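In what follows, a structure is listed as structure tokens, so that the remarks can point back to it.
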Amino acid sequence: MRATIQLCTYNRARLLERVLECCFDQTLAPEAYEVVVVDDGSSDETPVVLERAAQRATCALTIVRQANSGLAAGRNAGIGRARGKRIAFIDDDVLPLPNFLEEHLRSGERNPANIVRGGAIEVDNIDELPVPLWSIRNYSANYFWTTNVSVPLETIRSIGGFNTSFAEYGWEDIDVGLRLRARGVKATFNSKALVFHVKPPVYSNDRNKALAQARAKARTAVALTRMHPGWRTSLATGINPVQRGLASLRRRLHLDRALERRLSQADPQRPLTRGQAATLYALANEAYYEELERALRA
């Protein structure tokens, strides 16, 4: 078994079916790889989708079901069942191209001990996918980004996998990257190891979910910086005097109120325009820094 594709899923039944189809449609020989899916307590049609996938799978498929425990715990459950020499992580909103695994393995053969990172092309419609051409817009500087990354299975096991203290959203993969970097594990980027990252249209009704996610990410950011003090985490999380100072100024100017008013004008029945989506992103950013200060005081 040369490789494992590992993903966790939660209440994304419709998209999961397409993701698994792409995982089964790899150019690698079917007997050379496997797919390990962890269902993190989904309450939608995910079990039905997984049953259908088990019947159609062209490679080895392992399905793990667990009570909702968070992404870190789900990743560890997947790592525990993996058999491939190299494990490639994707998310349940990611469509790997047919040469995805082959390219990860090609880079891994040149640098066997390295992390291999690939690009992600954002799309909002899975039925109208663009020509998969990589550009600098598809690049992530994250050392270990589970949207598209692989690493030797024994290496991820040697550090104990993912830290389950990251029970809320955010930073669990960054923590892994920092621990691997501290051990001297290098990273290689392969622009041919591509995935489509599905980002569906955003509506004004998504506001509460976006703000809750931003606040959760702020709390886990504080946990990350306490585990890994240093300039990399302070810049990535915004926990530094410059970014916190600018956020404090924006709060004194009540920027969040202006953003709320602008967003309230959006039609709830129609997707947000690019400008309105940017407004929602900015509002979530304000919620992030507000929660960050609370978490730091705590």
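Just one of ALA32, ALA3 is under 21 Å from LEU194 (Cβ atoms), of a type in the set (Gly, Ala, Ser) and either under 20 Å from the mean Cα position of the chain (by Cα) or not assigned by TED's automatic domain parsing to the domain that holds THR164 (or both); which is it?
Details: ALA32 fails: either under 20 Å from the mean Cα position of the chain (by Cα) or not assigned by TED's automatic domain parsing to the domain that holds THR164 (or both).
Exactly one of ALA32, ALA3 is under 21 Å from LEU194 (Cβ atoms), of a type in the set (Gly, Ala, Ser) and either under 20 Å from the mean Cα position of the chain (by Cα) or not assigned by TED's automatic domain parsing to the domain that holds THR164 (or both), namely ALA3.
Got a sec? Which helices (runs of 4 or more DSSP H) wholly within the stretch 237-298 have at least 2 residues that are acidic (Asp, Glu) and over 24 Å from the mean Cα position of the chain (by Cα)? Walk me through it before giving the result.
Details: elements: 241-252, 255-264, 274-297.
Of the helices (runs of 4 or more DSSP H) lying wholly inside the stretch 237-298, those with at least 2 residues that are acidic (Asp, Glu) and over 24 Å from the mean Cα position of the chain (by Cα) span 255-264.
From the list ALA88, ALA113, ALA141, which one is in a strand (DSSP E or B), of a type outside the set (Phe, Trp, Tyr), assigned by TED's automatic domain parsing to the domain that holds VAL36 and on the phi < 0 side of the Ramachandran plot? Write out each step before concluding.
Numbers: ALA113 fails: in a strand (DSSP E or B); ALA141 fails: in a strand (DSSP E or B).
So the residue among ALA88, ALA113, ALA141 that is in a strand (DSSP E or B), of a type outside the set (Phe, Trp, Tyr), assigned by TED's automatic domain parsing to the domain that holds VAL36 and on the phi < 0 side of the Ramachandran plot is ALA88.
Just one of the numbered conditions (1) under 27 Å from GLU17 (Cβ atoms); (2) in contact with a Leu (Cβ under 7 Å, 6 or more places away or on another chain) is not true of ILE174; which one?
(1)
Quick grid of which residues meet (1) buried (at least 17 other Cβ atoms within 10 Å of the Cβ); (2) assigned by TED's automatic domain parsing to the domain that holds GLN265; (3) within 30 Å of PRO268 (Cα to Cα); (4) free of Cβ contacts under 8 Å to residues at least 24 places away in the same chain:
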| position | (1), (2), (3), (4) |
| --- | --- |
| LYS209 | no, yes, yes, yes |
| ARG215 | yes, yes, yes, no |
| THR220 | yes, yes, no, no |
| LEU224 | yes, yes, no, no |
| PRO229 | no, yes, no, yes |
| LEU235 | no, yes, no, yes |
| VAL242 | no, yes, no, yes |
| ARG251 | no, yes, yes, no |
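For the stretch 89-101, which residues satisfy the criterion of being farther than 18 Å from ASN11 by Cα and crowded, with 20+ Cβ neighbours inside 10 Å?
Narrowing the stretch 89-101 to residues farther than 18 Å from ASN11 by Cα: 89, 96-101.
Within the stretch 89-101, PHE89, PRO96, LEU97, PHE100, LEU101 meet the criteria.
Does ASN163 satisfy the criteria of being polar (S, T, N, Q) and within 25 Å of ARG274 (Cβ to Cβ)? Quick ask: steps written out before the conclusion?
Numbers: polar (S, T, N, Q): yes; within 25 Å of ARG274 (Cβ to Cβ): no.
Here the answer is no, as ASN163 does not meet what is asked.
Does ARG14 satisfy the criteria of being modelled with pLDDT under 95 and either on the phi < 0 side of the Ramachandran plot or exposed (fewer than 15 other Cβ atoms within 10 Å of the Cβ) (or both)? Even if it seems obvious, please write down each step before you answer.
Working: modelled with pLDDT under 95: yes; either on the phi < 0 side of the Ramachandran plot or exposed (fewer than 15 other Cβ atoms within 10 Å of the Cβ) (or both): yes.
Criteria met by ARG14.
Show the residue pairs that are 6+ apart or on different chains and have beta-carbon atoms under 9 Å apart, the first residue being within the stretch 30-50 and more than 13 Å from GLN66 (Cβ to Cβ) and modelled with pLDDT of 95 or more, the second being β-branched (Val, Ile, Thr) and outside any strand (DSSP E or B).
PRO30/THR58
Take the residues in the stretch 164-197 that are among the β-branched types (Val, Ile, Thr) and assigned to a loop (DSSP other than H, G, I, E, B); name whichever of them is surrounded by the fewest Cβ atoms within 10 Å (Cβ to Cβ). Don't jump to the end; show me each part of the working.
We begin by selecting, within the stretch 164-197, every residue among the β-branched types (Val, Ile, Thr); these are 164, 174, 176, 185, 188, 195.
If we keep only those that are assigned to a loop (DSSP other than H, G, I, E, B) too, we end up with 164, 185.
Working: THR164: 16, VAL185: 20.
This residue is THR164.
The values are calculated or read from the model by the stated rules, or taken from the named source; none is laboratory data. Bear in mind that the values here come from a model prediction, so they are computed numbers and not experimental data. Neighbour counts run over all protein chains shown; Cβ positions are idealised from the backbone, glycine included.
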